[in-house]
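Everything below concerns the one structure shown next.
The values are calculated or read from the model by the stated rules, or taken from the named source; none is laboratory data. In this text, all values refer to a predicted model and were calculated from it rather than measured experimentally. Cβ: placed from backbone, ideal geometry, glycine included. Neighbour counts: every protein chain shown.
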Protein chains: 2
Amino acid sequence: MILRHLLLPDILDMLADGHFNELRDFFLEQPAPEVAELFTVVTDKDRVLLFRVLPRQLADEVFSLLDPIYQNQLLSEMANEEIQPVLAALSPDDRTALFEELPARVTQRLLALLDDSDRKQALTLLSYPQHSVGRLMTDRYVTVDPEWTVAQALEHLRKTGTDSETMSMIYITDETGHLRDDLPLRRLILADPGITVATLLDGHYASLHSQQDEEEAVQVFRKYDLHALPVVDEDNILLGIVTVDDILDVAADAATEDFHKLATVQPLQISFKEATLGLLYRKRIGWLLGLILVNIFSGAGIKFFEDTISSVVVLVFFLPLLIGSSGNAGAQASTLVVRAIATGEIDSADWWKLLLREIGVSAIMGLAMSFAAFFLGWLHGGLSVGVVVALSMFTVIVAGSLLGTVLPLILNKLDLDPATASAPLITSVADIFGVLIYFSIATALLPIAT
Amino acid sequence: MILRHLLLPDILDMLADGHFNELRDFFLEQPAPEVAELFTVVTDKDRVLLFRVLPRQLADEVFSLLDPIYQNQLLSEMANEEIQPVLAALSPDDRTALFEELPARVTQRLLALLDDSDRKQALTLLSYPQHSVGRLMTDRYVTVDPEWTVAQALEHLRKTGTDSETMSMIYITDETGHLRDDLPLRRLILADPGITVATLLDGHYASLHSQQDEEEAVQVFRKYDLHALPVVDEDNILLGIVTVDDILDVAADAATEDFHKLATVQPLQISFKEATLGLLYRKRIGWLLGLILVNIFSGAGIKFFEDTISSVVVLVFFLPLLIGSSGNAGAQASTLVVRAIATGEIDSADWWKLLLREIGVSAIMGLAMSFAAFFLGWLHGGLSVGVVVALSMFTVIVAGSLLGTVLPLILNKLDLDPATASAPLITSVADIFGVLIYFSIATALLPIAT
């Protein structure tokens, strides 16, 4: 933090001693993002006290920068008269983000504190599906008429632009609200003030649909390198804009969710740091228990080959190596495919190309791994065990890799989340394959006492 | 793709038939991002032909939007006279991104084609460490003097701003180039033209350091919600700016790298879709082979308990379940910690808090898992085997979870990449723990024939 002149302990001392006016003067000099960061490291009680000390405008800015979890905590301690101006100052997209995290009961109470037009707008935004582009929209943009001159358009900006979240792009609409074009503010400022706006337009613009998934919006932003994109409905009516700062958050949160899913942790919704013991337990235990069911099959497979194992106990020595390697190769493959689907690099249409390449890659990896496995097997169990371990290694590497490639593609094709093909799931299923393949080959090739 | 009026096969037909003028007219109507997307789905040969057909300005725009892998391919087919204007039109940050992907020999050849000032600038940018903020910098920004009036500043923008990549933020420097403040273009436009720029300044600004890691820059952008940030050296001299579109790419690429590392795939550098069979093999085989060494320890552990296993072969039945569950719990923990470090949520200072919470979470998970394990053990091996399996399950869940929490924290403290604590590494080490814990408990509690 680059809070100037004062350290956190000093601030808390001043707060405890009731030096509210001095604190207010101090905060007047501080940038809002630094104060917002300070608010994440103090206790719930101090946060409320500090928020009450902040000068009005800074308080609004800080509130808008806070994570909904902290916003919610502050609101829960505030009276309606205190909440009203804070909510009114919040931008529509930040308001939606707050409301969607709150219990319905609290949202109802807060909605009642908004004025009619803000409430109507908030309800409209909340009516878009969760994780849709509509929920990220703000109305703080400027539209101009193509028939105006550049000077008129600039004058219009001066009058109406105070609130606009991003003015680097101006939007052109017709009289019925249809989006017709976009225009970089840069081009407007650099233009001859006497010409009409229409002469500056090129008819090329990118837009998002309000019902579109927010993760798709990340790809569109990356493709066009823009700082804001207009959002339209199915009739191309301009509904609002989405800004890139929200998209940066969407991209990071979506990646975090995929990281967690790939390790069988259900989405936490709140930050890992803030997660309680109980929440972490609930988000993790489900898959751990579920995978027991999968692991039972591996056990049943071993049970089936009990005679083989009793005859050649040294085979058990190589079991962790074989099922581990198979799972590792599978986890590599599934992670590569899941991430490539998430970033929009590939989709199910690439199915055959990916599968053929993976057969090649896994066959070469299987060869290299089976050489290593052969020497280990030979060393500890003799030539025939070496051959069994090597053959098994080759087969389980190929099987694990193909499983890891195919499962996320199938899930994606079924419109399920490809990240469900998590490393633990792939590993556990690969274990079953591993056990069956290994002991089948051993039973076929080794002399088994019955 | 929203290419208007023509489909890809039509375009390729026209190309094959030599209808270059018609194609040029067609492309004149197309937005650059769509043409760039088209360029990623055609063959290398067609890409070069199509590029030569593009009108000059569109060609420059399309080139700047292409991935360096395609830029490189195009350049390799072009003569020096063709390359020169393309390189000259490229913005400094895009030029750096291209040069850093090229073999040194090719970079030398291309540098020679730049004019003196561009070459000097390119060499300066390339002198910053890889993955540092300096490499993302562009010089396409505008600075104004605080003593100017708003009208003078706007006039200055009109004269110099044509090239500026983002004009939504103007920077204020003193006569020796030190950064003094930033000013949203919005505020300049909305201000009374007669007042001086100085009266609009608040002295608050955020900046990046040229030597800073680019992933840290992502956190700074997320904190400040800005579309561009100025970059300074250690003396606070303004060196350039970084724009949020590059940061969105950095965030996505860093996440992809972490996804791959967490599955023991070394960074691919190029897109998964474009990766060759050989490249994928090289990036995956290293860890697979390396983990064999780790798995040998599990095997050695089993060997050590050979007598126990021979006496109670049913124990092997539960081996995949126990080592699998331990690895799964460990993969959950390590992924949570690695991602939280990457997003800047936690650092090594949170060590104790995280560890205590994980002990709690893993103990409760261990209890739930050991109940399930007890019934399975009882069912298949009797009461005493049930007890052994339940006790083992509890212990391996806690051990795996703590391993997954501690290893990334240690790596981070040692300034190594926490993502090295991959799911396969954690799983393989957890296997060793699992084998030793399970058979030790079994040997202690069960009657073993010797």
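When we screen A:GLY360, A:GLY400, A:GLY366 for residues that are under 29 Å from A:PHE259 (Cβ atoms), in contact with a Phe, Trp or Tyr (Cβ under 9 Å, 6 or more places away or on another chain), surrounded by fewer than 21 Cβ atoms within 10 Å (Cβ to Cβ) and at pLDDT 95 or above, the only hit is A:GLY360. Selection of the range B:139-159 for residues being in contact (Cβ under 8 Å) with a residue 60 or more places away in the chain and either within 12 Å of chain A (Cβ to nearest Cβ) or not polar (S, T, N, Q) (or both) yields B:ASP139, B:ARG140, B:TYR141.
Taking the residues in the range B:267-293 that are small (Gly, Ala, Ser) and more than 7 Å from chain A (Cβ to nearest Cβ) as candidates, determine which candidate is nearest to the chain's Cα centre (by Cα). This residue is B:ALA275.
Residues that are at pLDDT 90 or above, of a type in the set (S, T, N, Q), buried (at least 17 other Cβ atoms within 10 Å of the Cβ) and more than 36 Å from the chain's Cα centre (by Cα) do not occur anywhere in the range B:406-418. Of the helices (runs of 4 or more DSSP H) entirely within the range B:1-119, those holding at least 1 residues that are closer than 28 Å to A:GLY344 by Cα and in contact with a strand residue (DSSP E or B) (Cβ under 9 Å, 6 or more places away or on another chain) occupy B:92-101.
Count of the range A:320-357 residues, restricted to those that are within 11 Å of B:PHE272 (Cβ to Cβ) and modelled with pLDDT under 90, is 4.
Specify the residue that is nearest to the other protein chains (Cβ to nearest Cβ); the eligible residues are those in the range B:204-227 that are aromatic (Phe, Trp, Tyr) and over 18 Å from the mean Cα position of the chain (by Cα). Once the filter is applied, the top-ranked residue is B:TYR224.
When the residues of the range B:228-261 are filtered to those that are among the small types (Gly, Ala, Ser) and within 10 Å of another protein chain (Cβ to nearest Cβ), the one that is nearest to the chain's Cα centre (by Cα) is B:ALA254. If you check B:SER64 against the conditions, is it crowded, with 17+ Cβ neighbours inside 10 Å and among the hydroxyl-bearing types (Ser, Thr, Tyr)? Yes: the conditions hold for B:SER64. Filtered by the rule that a residue be touching a Phe, Trp or Tyr at 6+ places or on another chain (Cβ under 9 Å), more than 8 Å from chain B (Cβ to nearest Cβ) and not β-branched (Val, Ile, Thr), the range A:303-329 gives A:PHE304, A:PHE305, A:LEU315, A:LEU322, A:SER326. Got a sec? Which of A:LEU111, A:LEU126 is over 21 Å from A:ILE247 (Cα atoms) and surrounded by fewer than 19 Cβ atoms within 10 Å (Cβ to Cβ)? None of the other options fit; the residue is A:LEU111. At least 1 residues being more than 18 Å from A:VAL435 (Cα to Cα) and in contact with a helix residue (DSSP H, G or I) (Cβ under 6 Å, 6 or more places away or on another chain) is the threshold, and among the helices (runs of 4 or more DSSP H) wholly inside the range A:297-378 those reaching it are A:319-342. Annotation note: of B:SER298, B:SER271, B:SER210, the sole residue that is in contact (Cβ under 8 Å) with a residue 24 or more places away in the chain and under 30 Å from B:ALA442 (Cβ atoms) is B:SER298. Between A:LEU102, A:LEU98, A:LEU87, the distinction of being surrounded by fewer than 20 Cβ atoms within 10 Å (Cβ to Cβ), in contact with a helix residue (DSSP H, G or I) (Cβ under 7 Å, 6 or more places away or on another chain) and over 20 Å from A:VAL218 (Cα atoms) belongs to A:LEU102 only.
Give A:THR264, A:THR335 a once-over and let me know the one that is in contact (Cβ under 8 Å) with a residue 12 or more places away in the chain, at the interface with chain B (Cβ under 7 Å from one of its Cβ atoms), in contact with a Pro (Cβ under 6 Å, 6 or more places away or on another chain) and not aromatic (Phe, Trp, Tyr). Can you show your working first?
Numbers: A:THR335 fails: in contact with a Pro (Cβ under 6 Å, 6 or more places away or on another chain).
Being in contact (Cβ under 8 Å) with a residue 12 or more places away in the chain, at the interface with chain B (Cβ under 7 Å from one of its Cβ atoms), in contact with a Pro (Cβ under 6 Å, 6 or more places away or on another chain) and not aromatic (Phe, Trp, Tyr) holds for just one of A:THR264, A:THR335, which is A:THR264.
Taking the range B:176-203 as the range and being within 11 Å of another protein chain (Cβ to nearest Cβ) and in contact with a Lys or Arg (Cβ under 7 Å, 6 or more places away or on another chain) as the test, the residues that pass are B:ILE189, B:LEU190. Quick check on A:ASP415: is it more than 14 Å from chain B (Cβ to nearest Cβ) and among the charged types (D, E, K, R)? Considered against the rule, which asks whether it is more than 14 Å from chain B (Cβ to nearest Cβ) and among the charged types (D, E, K, R), A:ASP415 comes out as yes. Every listed requirement among (1) closer than 17 Å to B:LEU402 by Cα; (2) surrounded by fewer than 17 Cβ atoms within 10 Å (Cβ to Cβ) is met by B:GLY344 save one, (1).
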